[in-house]
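What follows is a set of notes on a single structure, which appears directly below.
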Amino acid sequence: MNPINTLEALIDRPETITGPERPAGLGRAGLLGYFSGTLGLFMFLRMQGAVPPGVFSFLSAYLFVLAANFFFAGVIHLFMDLTCAAPSGANGRGRAARLFLAFGCTDYLLALLVPLGFLSGVKVLNGFLWFGLCFLAVIYARVRLIRRLYTVSVNKALLSVWLPYGGIFLLFFAGLVYGMIWLFWLIM
Amino acid sequence: MEEQNNSVPVNPAAQPAPAPAQVPAPPAAPGGTGFWLKVVAALYAVSLIAAFSLITKADAAKKAGSKDLKMSKLSSSLRQSKKSAVGVVEIYGAISQGSSSRSWDRGSQQISKRIRSLSADKDVKAIVLDINTPGGSVGSVQEIYSAIKRAKAETKKPFVARFGEVSASGGYYVASACDLVVAHPGTITGSIGVIFSVTNLEGLLKKVGVRSEAIKSGKFKDIGSPMREMTTEEHKLLQGMIDDSYEQFVAAVAEGRKMTVEKTKALADGRIYTGRQALDLGLVDKLGDLQEALDAAGELGGIGKNPRVVRESAPFEQLMSLVDSRLQLLGTKAVADALETGPSLEYRWYGR
């Protein structure tokens, strides 16, 4: 199935994502979503001169995005499972994989960063602001998606989307504090 | 996990919602979602192509620019090897021995180590000593001085001293070992001499009822004690030490500046000079800033003006030095300095 047709089906009939079977072409559409989203983000950052050029640079970014989203989908599904949030529709088996691929479809929104990069180039709003807006749009789409896949409130869906980011930030912060304490111990 | 979920009783609110009935797909209306998705995809492709060509052009322009820069660099100094550089060693603040366990300290040990390491580096063709110090203890100043002399004898690399705000007494002693001395017109320099100061706390201690007694093996064992007044004999003995250290200082300056001892002694009564006065008296070779000193070092080292600069300091040591200096703001260093009442023989100017 053509990824455009898959997307069209998901937009027009979002209930198909909660069906017993994975919607046809979701895998291809999801991975393509990650690809075009990362490419959009990469081109945007290249226009700002913030990332090194080259295919390897893009591929490493793409692999990082895939790995991070795979981890995020896993953590969100685990969180839903631990808090007894029931999956909508059929049983929850394979729901994490479906979540991961559906997240890929939300990443199409990052493709908007390419034209927005031109706008920031001609000084229509700051580049960081455009990126922030796109990021919020992706978060909004993911919250809507989670509410489709699991019968949860908006707050819980929001919490689950931010949870992995919070976890990473917490780990980083704990490492930083430990590093500072270690430095003080070293010089005292 | 799924089985566990099924085994626990769930409240009705959390019951799985009934699967929505699979309704047949409505026929796609012309100009519907599919059409707009195709339009967006086409616009995305166009913007990608535009962005790609823009980035390629920008990269090509950048590359061409850097190539031009390289060519101009090459033509300006054909002799200059790409790696050749001038090393810079900073000598800031009062010079003291420093703690050997704190590699980031700016003591004489660490400064000598940096001089040795830079002179051993084959890419470093000349060394600039960036001096901004009122001097320090005789031993530590002489440690740096001998490190410079040894490095010069072993490697024949030229040394240039650059004076900052103040480079007096011990700072000048160190500079006298260099081949060229560059100072600002307003730099405070000179103060060639030795000082040994003792604080007599006897009167104060008597007021608070403290009496100190020393049991000694010889009559000079507690020489320089702040607990009592100095005797004439002790004074004579210390004057002898001072005179000897002074002779060493004068000899070093006379040798370094290629002056006679008599002429040096005439300048070495402890007075301070501005950079311009020092230039007139032959204590300084040139007036200028750090860049002038670097250029001069580059030319002496045979790598031309505007050389690449290497500062011999590991990133970890820089970080520790920064953290240490921040901690000193808490007052620990000030308290330690205040408690340091012991006398010492110093090549130091106390006007600062």
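Each value in this text was obtained by applying a stated rule to the coordinates, not by laboratory testing. Model, not experiment: these values are computed from the prediction. Counting neighbours? That spans all protein chains shown, and the Cβs are built from the backbone with ideal geometry, glycine included.
This ranking places B:TYR173, B:TYR350 by how few other beta-carbon atoms lie within 10 Å of each, fewest first, which gives B:TYR350, B:TYR173.
Remark: the range B:197-203, residue by residue, has Karplus-estimated 3J(HN,Hα) of 10, 10, 8, 9, 9, 4, x Hz, where x stands for each Gly or Pro and the curve is 6.51 cos²θ - 1.76 cosθ + 1.60 at θ = phi - 60°.
In this rough spin-label picture, where each label sits 7 Å from Cα along the Cβ direction, the B:LYS207-A:ASN2 distance is 9.9 nm. Residue exposure proxy: A:ILE11, B:ILE192, ordered by other Cβ atoms within 10 angstrom of their Cβ from fewest to most, comes out as A:ILE11, B:ILE192.
Checking the a/c ratio against 1.5 first, then a/b against b/c, what shape does the Cα gyration tensor give for the range A:3-187?
It is oblate, given that a/c is not under 1.5 and a/b is not larger than b/c.
On the beta carbon distance between A:GLN48 and B:LYS258, with R0 = 45 Å, the FRET formula returns roughly 0.15.
Among B:TRP349, A:TRP185, the order by Cβ neighbours within 10 angstrom, fewest to most, reads A:TRP185, B:TRP349. Spatially, the range A:121-165 and the range B:119-157 are offset by 60 Å when compared through their Cα centroids. Estimated from the Cβ-Cβ distance and a Förster radius of 56 angstrom, the FRET efficiency linking A:ILE139 and B:ARG116 is about 0.45. Can you tell me which lysines have their Cα less than 20 Å from the Cα of B:LYS265? Leave out same-chain residues fewer than eight positions away. Partners found: none.
A Förster distance of 22 Å, applied to the separation of the beta-carbon atoms of A:VAL75 and A:ARG22, puts the FRET efficiency at 0.60. GNM, chain A, Cα, under 10 Å: largest mean-square fluctuation among A:ILE168, A:ILE17, A:ILE146? Highest fluctuation among the options: A:ILE168. Around the amide H of B:ALA168, modelled in the peptide plane, lie the amide H atoms of B:THR133, B:GLY135, all under 5 Å away and 5 or more residues distant in sequence or on another chain. With the cut-off at 25 Å, tell me which of the pairs B:LYS113/B:LYS305; B:LYS236/B:LYS258; B:LYS156/B:LYS263; B:LYS157/B:LYS305; B:LYS113/B:LYS286 have Cα atoms farther apart than that. Over 25 Å Cα-Cα: B:LYS113/B:LYS305; B:LYS236/B:LYS258; B:LYS156/B:LYS263; B:LYS113/B:LYS286.
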